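A quick write-up on the structure given underneath.
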Amino acid sequence: MHNSLSLLSPVTIGDIELKNRVVMAPMTRNRASADGMPNELMVQYYADRAQAGLIVAEGTWPVVTGQAYCRQPGIESEEQVLAWKKVTDAVHANGGKIVLQVMHAGRIGSNKIKPAGIETVAPSSIQARGELYTDQAGMQPFDIPRELLTSDVQLVIEEHRVAAENAKHAGFDGVELHCTSGYLPMQFLCSGTNHRTDEFGGSVENRARFAADCLKAMASVFGSGRVGFRMNPGNAFNDTQDDDSAGSHIELLRQIAPLNLAYLHIMRAPVEHIDAFKLAKTHFSGSIILNDNFDSDAANQAISSGQGDAVSFARHFIANPDLVYRIKERIPLTRFDRKTLYTPGEKGYNDYEKAV
């Protein structure tokens, strides 16, 4: 614990100074209002966790077309921007830093969740296998998406730039692009979900272009030192399949290298033949935030051995708002209740107790 490079030592990631290397990972918790408005519950939830060196706020839709889930927040309207401002003000008042994860879900969505007349779009008109929960009609199959025209793709890239602008107005310290879990950037990247023949499809260079262009657009607002992105090579979540997942992700890293982005948030690969952490270290020169199944000892080891610069925790932060204090004092962690992960209201969200 007293190694000079431990979880509790400060670090600067891009242009963001962190008081420690404990990062709160973005987690969908479905506590916003039905129209995507952040609320007082969320203000308390994030403020309570401001001991983290950095909070990555939950996946937030840039436009309602990109909404995936019920009670998922957006950053599209002026009202949403002002509501998020209460969250960032509360985090900053408690000495924390917070970035917003921008998440366009693409084909992962349902017309039973989005407002009437809002379509679901994707690189190609291929329906994802599976279902998702809707407050309105229970479990529903994913929509059959409309294939984006080339001109539409440029508009969606612009929507990411506007989302970054809105995040800046809302007081966030930066933005993170969600490039995993079968959402839109990954739908473009993967050969199984992208059957396009224009400059955004076909070759791996073309398939990686959408995510790279979104990151460029977001960096034009915040400066590249306040923009990061999340990757998970080998992830097949939400019915994504790629002929060469490692190769596709390496190509994306090659394309964004000139941007000098703040960080890469890399998840452990769910398949044995890909070492995602090694891939990140080899092909990305900025700061690396490691994620997935770390306890504090393993996190300390990963940092002291130079594998990454910080470690993000998800489930530990759910039930332990004071996670940093508990790590420091070696206080046992509370276990979270899986049943209240996505339910509306206070229960399983703001009712976990702090150690002191």
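Taking the centroid of alpha carbons for each part, segment 116-166 and segment 51-81 are 15 Å apart. In a fully extended conformation the segment linking Thr197 and Asp135 would gain 18.6 nm over its present Cα-Cα distance, using 0.36 nm per residue. For segment 316-323, 3J(HN,Hα) computed residue by residue from phi via the Karplus equation (6.51, -1.76, 1.60; θ = phi - 60°) reads 4, 6, 5, 9, 10, x, 9, 3 Hz, glycine and proline entered as x. Each Lys or Arg adds one and each Asp or Glu takes one away; over the other residues whose Cβ falls under 9 Å from the Cβ of Pro26, this sums to -1. Other residues whose C-beta falls under 13 angstrom from the C-beta of His283 contribute a net charge of +1, scoring Lys and Arg +1 and Asp and Glu -1.
For the chain, complete DSSP H runs whose alpha carbons reach 18 Å or more along their own long axis and whose mean Kyte-Doolittle score is -0.5 or higher are 78-93, 204-222. Using a probe of 1.4 angstrom and keeping all protein chains present, the accessible surface of segment 40-162 works out to 37 square angstrom per residue. For the chain, carbon and sulfur atoms together expose 50% of the accessible surface, with a 1.4 angstrom probe and every protein chain in place.
Phi angles across segment 324-332 convert, under the Karplus curve 6.51 cos²θ - 1.76 cosθ + 1.60 with θ = phi - 60°, into 3J(HN,Hα) values of 4, 4, 5, 5, 4, 8, 6, 8, x Hz, Gly and Pro given as x.
Using mean projected area of the Cα convex hull in nm² as the read-out, say which of [x] 17.8; [y] 16.9; [z] 16.0 was calculated from these coordinates. Recomputing mean projected area of the Cα convex hull in nm² here gives the entry labelled [z]. The chymotrypsin sites (Phe, Trp or Tyr not before Pro) found in segment 284-352 include none that occupy coil by DSSP while having at most 12 further C-beta atoms within 10 Å.
The values are calculated or read from the model by the stated rules, or taken from the named source; none is laboratory data. If you're wondering where the values come from, they're calculated on a predicted model, not measured in any experiment. Don't worry about glycine lacking a Cβ; one is built from the backbone with ideal geometry, like all the others, and counts go over all protein chains shown. Note: areas computed on protein heavy atoms with side chains; ligands, DNA, RNA excluded. Shrake-Rupley method; radii C 1.70, N 1.55, O 1.52, S 1.80 Å.
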